[in-house]
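Only one structure is covered here, and it is reproduced in the block below.
The values are calculated or read from the model by the stated rules, or taken from the named source; none is laboratory data. Computed from a predicted model, the values in this text were never measured in an experiment. Neighbour counts run over all protein chains shown; Cβ positions are idealised from the backbone, glycine included. To get the accessible areas, we keep the full protein, side chains included, count just its heavy atoms, and leave off ligands, DNA and RNA. Shrake-Rupley method; radii C 1.70, N 1.55, O 1.52, S 1.80 Å.
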Amino acid sequence: MVTLLTDRGEHAVDARVDGERLWLDASTLEAATGWSLEPQGLCRGGACVPLPPGRHAEFVQGDRVDAAALWRHLDGPVMHDETGAVWALGESADDRGSALLSLIAPDFTLPDVTGRPHSLSDYRGKKVFLVSWASW
């Protein structure tokens, strides 16, 4: 079992770790990342990324997809701990840059002092004052 962190949250997934490779079955990949294995390549939403010619086996073996290879192919950062028990698939610099240019804050949810969760999206269209603090 591997903990996988993506833009869709934290997922406990059945995966095979082989060095820098993270093999997930296609349905797990889709649930955790939104990317699905299709005949034309790997697709998310309306966009499909064809697999590089002659390199199909680097990305797909049977019904398993190397999520780390896909992420690197998309120029996204891939990180994992020493044991391979926790993996993070981050947003690419281009995606982050586009989000910053839009001036729309990413959605997040945090509890108030009573423990009641609040999401930034709940206040869309309203003025919001955010206060943060860190000990360092």
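Highest mean packing comes first when the peptides 44-56, 115-127 are listed by Cβ atoms within 10 Å, giving 44-56, 115-127.
By how many degrees, between 0 and 90 and to the nearest 10, does the Cα long axis of helix 93-102 differ from the longest principal axis of the chain? The helix 93-102 is inclined about 30 degrees to the chain.
Nonpolar atom fraction for the stretch 4-112, defined as the carbon and sulfur part of the 1.4 Å probe accessible area, stands at 55 percent.
Note on the stretch 49-136: dipole from Cβ charges, positive end direction compared against Val113, His73, Leu101; the farthest Cα belongs to Val113. Charge dipole (Cα centre; +1 on Lys/Arg Cβ, -1 on Asp/Glu Cβ; no other charges) of the chain amounts to roughly 500 debye. Residue by residue, the stretch 105-111 carries 3J(HN,Hα) couplings of 5, x, 6, 8, 10, 9, x Hz when phi is fed to the Karplus relation 6.51 cos²θ - 1.76 cosθ + 1.60 (θ = phi - 60°); x denotes Gly or Pro. With all protein chains present, calculate the accessible area of Asp18 using a 1.4 Å probe and round the result to the nearest 10 Å². Ignoring ligands and nucleic acids, Asp18 comes out at about 90 Å². Put Trp133, Trp87 in order of accessible area, highest first, and with a 1.4 Å probe you get Trp133, Trp87.
Centre-to-centre, using Cα atoms only, the stretch 76-136 and the stretch 7-60 are separated by 23 Å. Remark: the chain carries 68 Å² of accessible area per residue (probe radius 1.4 Å; ligands, DNA and RNA excluded).
For Ala15, the amide hydrogen comes within under 5 Å of the amide hydrogens of Val2, counting only partners 5 or more places away or on other chains and with H modelled in the peptide plane.
Rounded to whole Å, the principal axis extents of the Cα atoms in the chain read 52, 33, 27, largest first.
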